[in-house]
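Student: Okay, here's the structure, questions in a sec.
The values are calculated or read from the model by the stated rules, or taken from the named source; none is laboratory data. Only a predicted model underlies this, so the values are computations on that prediction, with no experimental measurement involved. For neighbour counting, all protein chains shown are included, and Cβ atoms are generated from backbone atoms with ideal geometry for every residue, glycine included.
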Amino acid sequence: MKLYRKQTGLALIIILTLALVGGLSWLLLNLNKRQYQTSQHMQTAIALAEAKEALLGYAASYDRQFNSDGILSGYYGFLPCPDYNTGAILEGEQDGNCGGTERNKVGRLPWRTLGITPLRDGAGECLWYAVSGNYKVSPRADLLNWDSAGRFVFQIGDDLGGTSHVVGTLVTTSPPFDPQRPIAAIIAPGKRLSGQDRKPPSDPDKTKICGGNYTTSHYLELENNIIGEKTFTYGSLDIDKNAVENIINSQPYNSVINDSIIYITQEELWEAISRRQDFVQQLQCLTQVVGHCVANYGRNYQRLPWPASVNVTDYRLDEKYEDNSGLTSLGRLPNLLEKSKQDLAPLSITQDALLLKKITPPLPDKPYYYFSCDLSQLGSNLSQCPNDNIIKNSELIKCDGTNKDDCLLNKNKSIEIIARLWQNWKDHLFYQVSAPYQINNAITPALTMPICNSNCLTVNGLEYAAVILFAGKREPQQLRLDYPDKTTKEQLTYYLDAANADTDSSFIHKITNRELTDDFAICIGGTNLEKEQVIPCPE
């Protein structure tokens, strides 16, 4: 009896010991598994962060890069195309032309283009990358600046394939207007899930570094693998205002969606660019150069062109910035000056009259674009610009009546740089003409240069023939929704400081303690346009 009790007690101890050992083994196994998973997640997080930093650096320095056309000065904020290997392109290089205009695109991260080594997630897979159609380098959008919103909505996926926690609003109607839609996403595909085939292609050399293949659905889940397939009608007013695409991020240890994602916002990208002092100077330089273009017009025709309407039909397109005959209030800086040409005729400004005044440029016989305006007198002024390439190319081709065609065929690099800046920031330029310099001022003789005499626009109390304003960065209470929500682009108060957006004839300009959100103003002299009087307005 005593022996039985001793054996029973010993068996209980053995059972408890085995249970304890088993429990400890299970605990250690799970701890090791969780530690391994944590290590994988850390590796993934590090790789994603490095990729994001590289992409921001690429966008912030894009204007300093070169391509087959030479230096890309004048372009800011563009992101590379993904690597989706359509041809004889090296692994890790961006594909040169990624889809249709303003169409989103997804592929592998172009690590070679970014100048970094291949980045891998915790599962050993190379990273993938999606870019908004308006931010990709090719084909470029007609306009890209710090108001350009992204085309993605960021969501969190659950184990059932559902989503929640949206980051990136579709439509906003009142302040605050953030969070902004992401403009790009870096994606860690994680380990292969059921149904995914990551075998190399028939030509394994195409993926000899990263391995696997370029089939998106074998790496990304749900909506992540069809990015770029949403139907966009580029250039149509019927485009869906919510034509964005979802990006699904996984929760930890998700067995249905295991894509780990980090995204880049519009604010993050432009903050990186705005830290460059020469960037702000370049925008100020653009404003001053187009001011010289306006002054050139006045010196030639004794009047200044009409402004364009604030509510252009499509603010992205150069040809939509048409002058508006009789517009005496503040408008946008025009690009197409057909109405001004028509209104010059009744003033008897003929070619013979111009020759008598020894004015060589003819009356405009074709649309007059700012990137073909006469910049021949701007060599000294361009030295104020921060871009070395403008300074080096300051011997500008004369676009006068004798060699204008040749000039248009062989544009000087300096003109091209200004053109690129204008094309991407044209919606930020506003312009108003004083009454004496408006084309309908039929003073006699017709070629008499007007002067200001208490009847011109004023800036900080001084009179000027015209004023050009560059709208600063958007304030939190201002809304500049992307196309097709163009109604917000038609409100001056969403662009300009309150004192400049009203309907009076006075403006303010701030020099000291300037912020990115402050308007920058260029004044065109109101005493004698035959002299070079295009200056930053005094404070």
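Student: Condition first: in a loop (DSSP other than H, G, I, E, B), modelled with pLDDT under 95 and buried (at least 22 other Cβ atoms within 10 Å of the Cβ). Now tell me which residues in the stretch 100-120 satisfy that.
Tutor: Glu102, Asn104
Student: Right, something else. How many residues are outside any strand (DSSP E or B) and touching a Leu at 6+ places or on another chain (Cβ under 8 Å) if we restrict to the stretch 461-477?
Tutor: Final tally of qualifying residues: 3.
Student: Only residues that are buried (at least 17 other Cβ atoms within 10 Å of the Cβ), on the phi < 0 side of the Ramachandran plot, modelled with pLDDT of 80 or more and outside any helix (DSSP H, G or I): list them for the stretch 19-74, please.
Tutor: Matches in the stretch 19-74: none.
Student: Here is a follow-up. Please go through the stretch 402-442 and give me each residue that is in a helix (DSSP H, G or I) and modelled with pLDDT under 60, ordered by number.
Tutor: Pass one, the stretch 402-442, residues in a helix (DSSP H, G or I): 404-409, 413-428, 435-437.
Within the stretch 402-442, Lys404, Asp405, Asp406, Cys407, Leu408, Leu409 qualify.
Student: Follow-up. Does Cys452 count as modelled with pLDDT of 90 or more, buried (at least 19 other Cβ atoms within 10 Å of the Cβ), over 35 Å from the mean Cα position of the chain (by Cα) and not assigned by TED's automatic domain parsing to the domain that holds Asn145? Before you say what the answer is, go through the steps one by one.
Tutor: Details: modelled with pLDDT of 90 or more: no; buried (at least 19 other Cβ atoms within 10 Å of the Cβ): yes; over 35 Å from the mean Cα position of the chain (by Cα): yes; not assigned by TED's automatic domain parsing to the domain that holds Asn145: yes.
Answer is no for this residue.
Student: Next question, about the same structure. Please give the number of the condition Cys285 fails out of (1) at pLDDT 80 or above; (2) assigned to a helix (DSSP H, G or I); (3) closer than 30 Å to Thr487 by Cβ.
Tutor: Condition (3) is where Cys285 drops out.
Student: I'm told Leu269 meets every condition in (1) at pLDDT 90 or above; (2) not assigned by TED's automatic domain parsing to the domain that holds Tyr135 except one. Can you identify the failing condition by its number?
Tutor: Looking at each condition in turn, Leu269 falls short on (2).
Student: What residue, of Val312, Val294, is surrounded by 20 or more Cβ atoms within 10 Å (Cβ to Cβ), outside any helix (DSSP H, G or I) and among the β-branched types (Val, Ile, Thr)? Show your work before the answer.
Tutor: Values: Val294 fails: outside any helix (DSSP H, G or I).
That would be Val312, the only listed residue that is surrounded by 20 or more Cβ atoms within 10 Å (Cβ to Cβ), outside any helix (DSSP H, G or I) and among the β-branched types (Val, Ile, Thr).
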